[in-house]
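Report on the following structure.
The values are calculated or read from the model by the stated rules, or taken from the named source; none is laboratory data. What you see is a predicted model, and the numbers here were worked out from it, not measured in a lab. Counting neighbours? That spans all protein chains shown, and the Cβs are built from the backbone with ideal geometry, glycine included.
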Amino acid sequence: MKSPRPRAAWRSTLSAAATLAAAAALVAGCGSGALAGSGSRRAAASIRATSAAAATATARPGTRPSPAEPAETFSPPESGAAGSSQTGFEPAAVSFVTASQGWALGLSGCADCAALLETQDGGDTWATLPPPPASLGYYGGSPTTGVTQVAFADAASGFLYGPELLATSDGGQTWRRESLPPVQDLVISDGYAYALTAAASGAPAELWRTAIASGTWAKLPAPAGPQPGNPSFLYASGSTLVLLQQGFMGPELASTAATAGGLWLSTDGGVTWQARTVPCTGADGGGASVLSIALGHPDAWLLDCFDNEQSQQEQDTQHHLFGTINAGLSWTRLPDPSRHNEPFGLADNGAGHAFLATEGDEDTLLGTFDGGLNWSVLIVSGGSFSGWSGPVFLTAWTGFVVGPTQYAPHLYRTTDGGHSWHIVRF
């Protein structure tokens, strides 16, 4: 989803890049805050976020004060349940190749009928495309059929996936089924699509790659270490590819390397891999849950270490946020974004703003506008354990998120770096 950045975002990126040397020195000098790596994505710790956290050793973890710049908490009006017969369109996921051109996958026409729309103006107006030859997987009743996500590489080439895999080369007018095992995750970057698959529940994950528009998939060597059965996710930026395997997310008296999860980095498009240390260890470490890569900064990541504390409805939980500016070689502990819900998605716009989508008794989107020091609730989606798709940013200012994905869903758009979010109408 690459697109030219506006001048203001370009200046923000330069400003963030200018802090790299100072941030690296702060992280190296913050002995109690940085955890050493082994030395060997969704969403990401921006350079500014990590430097701010390293410089603020007195910040109290777990606090949730108002952000540095005011942001309005948004609660949408109710709409019809997505599981019933539909006459309109209810979004499940979106993919944009520029801030203007994008596609929305959703439900329309029947209880599990997948539908696809396209926009050329950032979501102000939408055109209906032919229905794809698959059900919307959330409502199909089978764990091995249907699609739940959409990803486009350019105006012509795109995919519907999770667990089935469909491909288009004409902008979504027609689709063909790809002969891969059920797809757990898929990312597009630097002219390639990468798919993470598993033949059955508990089976080892396999990694595949295809050149965009080639129609041919090749299996790549998977890194040594991932355990069969644990959920895994891919994140990509340019030729950088990160594989995260979730850890044990509690309750646990202490996290160890064996329970924290796994993390691997490839800088050559998945051909070779290097292990990275997961910082979710110690008395309150939790397990690795979600990661993101900062927009425009492939070495800057955020990682949420989560412990559900065996809490009823995830009401009282632990989120321990860590940031790195050197691709996981070392980590800095940041203030906790929340003490509620479980993590679902994480994103960083590359200019010091980060966003955490969570689900629980009330599904919420949280945000920080001061590099991770303070977090606040931005959206209460109206769902309860109903999921999100995203958030994702096209530029430092323009981003999208769908929530909840499985009940009365809405697509939200921001054009001010996440300070305000507005429902996109279909």
Exercise. Would you be able to say whether some residue in the stretch 200-218 is within 18 Å of the chain's Cα centre (by Cα) and over 24 Å from residue 318 (Cα atoms)?
Key: no
Exercise. Specify the residue that is farthest from residue 243 (Cα to Cα); the eligible residues are those in the stretch 274-295 that are of a type in the set (Ser, Thr, Tyr) and not in a strand (DSSP E or B).
Key: 281
Practice problem: For residue 265, indicate whether it is within 21 Å of residue 226 (Cα to Cα) and either crowded, with 24+ Cβ neighbours inside 10 Å or out of contact with any Asp or Glu (no Cβ under 6 Å at 6 or more places or on another chain) (or both). | Solution: yes
Quiz item: Given the conditions (1) touching a Leu at 6+ places or on another chain (Cβ under 8 Å); (2) at pLDDT 85 or above; (3) among the small types (Gly, Ala, Ser), and given that residue 222 satisfies all but one, which numbered condition is not satisfied?
Solution: (2)
Quiz item: Taking residue 209 and the conditions (1) touching a Leu at 6+ places or on another chain (Cβ under 7 Å); (2) surrounded by 19 or more Cβ atoms within 10 Å (Cβ to Cβ); (3) in a strand (DSSP E or B), which numbered condition does it fall short on, given that it satisfies the others?
Solution: (2)
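Here is a yes/no grid of residues against (1) at pLDDT 95 or above; (2) under 29 Å from residue 324 (Cβ atoms); (3) in contact with a Gly (Cβ under 6 Å, 6 or more places away or on another chain):
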residue	(1), (2), (3)
376	yes, yes, no
383	no, no, no
397	yes, yes, yes
406	no, no, yes
411	yes, no, no
Quiz prompt | Conditions (1) surrounded by fewer than 17 Cβ atoms within 10 Å (Cβ to Cβ); (2) of a type outside the set (Gly, Ala, Ser); (3) under 21 Å from residue 226 (Cα atoms); number of the one not met by residue 196 | solution = (1)
Quiz item: What do you reckon, is residue 114 in a loop (DSSP other than H, G, I, E, B) and within 24 Å of the chain's Cα centre (by Cα)?
Solution: no
Quiz item: What tally of residues in the stretch 277-306 results from selecting those that are over 13 Å from residue 233 (Cβ atoms), surrounded by 24 or more Cβ atoms within 10 Å (Cβ to Cβ) and in contact with a His (Cβ under 9 Å, 6 or more places away or on another chain)?
Solution: 6
